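Trainee: Just passing along the structure, written as structure tokens.
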Amino acid sequence: MATKVRLQRVNRTRLAPNRRYPAHADRVAAIIATIRRIPKGKVQSYGGIDNEAPRLVGLVLATTSERVPWQRVVHADGSIPKGKRQRDLLVKEGVVMKGDRVDMKKSRAW
């Protein structure tokens, strides 16, 4: 079943214009699908989701209107980009913490 991807405007240009860059829209859909595959109690880094374009993962998370488990995406060193709210959601899911960071050795999804 194909996932519908809604794209929003970013700086006067579309994130993935379907007519000009259909491969980009496919990549955005793949990023969203990968984030949805992260199991409860586990996390993945931006680079672990898309090794070639970790910043694109952040852009997709910031601009998508899709419901995705955004809290399960953290920095490679385990630091939490969205602060207390994200940390509280991760702890509630059972993610292992090491101080203020996620213990990536124990909590990385893959």
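The values are calculated or read from the model by the stated rules, or taken from the named source; none is laboratory data. Bear in mind the structure is a predicted one, so any value in this text is a computation, not a measurement. Positions of Cβ are backbone-derived with ideal geometry, glycine not excepted, and every protein chain shown enters the neighbour counts.
Trainee: Out of segment 31-53, which residues are under 23 Å from Asp88 (Cα atoms), among the aliphatic types (A, V, I, L, M) and not in a loop (DSSP other than H, G, I, E, B)?
Mentor: Ile32, Ile35, Val43, Ile49, listed by residue number.
Trainee: Okay, moving on. When the residues of segment 51-100 are filtered to those that are under 12 Å from the mean Cα position of the chain (by Cα) and hydroxyl-bearing (Ser, Thr, Tyr), which remaining residue is nearest to Lys40 (Cα to Cα)?
Mentor: For segment 51-100, the residue satisfying everything is Thr64.
Trainee: Sticking with this structure for a sec: Among the residues of segment 69-110, which ones are in a strand (DSSP E or B), surrounded by fewer than 13 Cβ atoms within 10 Å (Cβ to Cβ) and touching a residue at least 60 places away in the same chain (Cβ under 8 Å)? So that I can check it myself, show each step before the final result.
Mentor: Residues of segment 69-110 that are in a strand (DSSP E or B), as a first pass: 73-74, 97-98, 101-102, 108.
Subset that is surrounded by fewer than 13 Cβ atoms within 10 Å (Cβ to Cβ): 98.
Within segment 69-110, none qualify.
Trainee: Return a yes/no flag: does segment 44-55 have any residue that is under 17 Å from Ala109 (Cα atoms) and either surrounded by fewer than 16 Cβ atoms within 10 Å (Cβ to Cβ) or modelled with pLDDT under 95 (or both). Give the steps one after another, and end with the answer.
Mentor: Of the residues in segment 44-55, the ones under 17 Å from Ala109 (Cα atoms) are 44-51, 54.
Retained after the next criterion (residues that are either surrounded by fewer than 16 Cβ atoms within 10 Å (Cβ to Cβ) or modelled with pLDDT under 95 (or both)): 47, 51.
Yes, the conditions are met somewhere in segment 44-55.
Trainee: Same structure again: Could you check, for segment 19-27, whether at least one of its residues is exposed (fewer than 14 other Cβ atoms within 10 Å of the Cβ), modelled with pLDDT of 95 or more and not β-branched (Val, Ile, Thr)?
Mentor: Within segment 19-27, not a single residue is exposed (fewer than 14 other Cβ atoms within 10 Å of the Cβ), modelled with pLDDT of 95 or more and not β-branched (Val, Ile, Thr).
Trainee: What is the one condition in (1) without any contact (Cβ under 8 Å) to a residue 40 or more places away in the chain; (2) outside any helix (DSSP H, G or I) that Leu61 does not satisfy?
Mentor: Unmet condition: (2).
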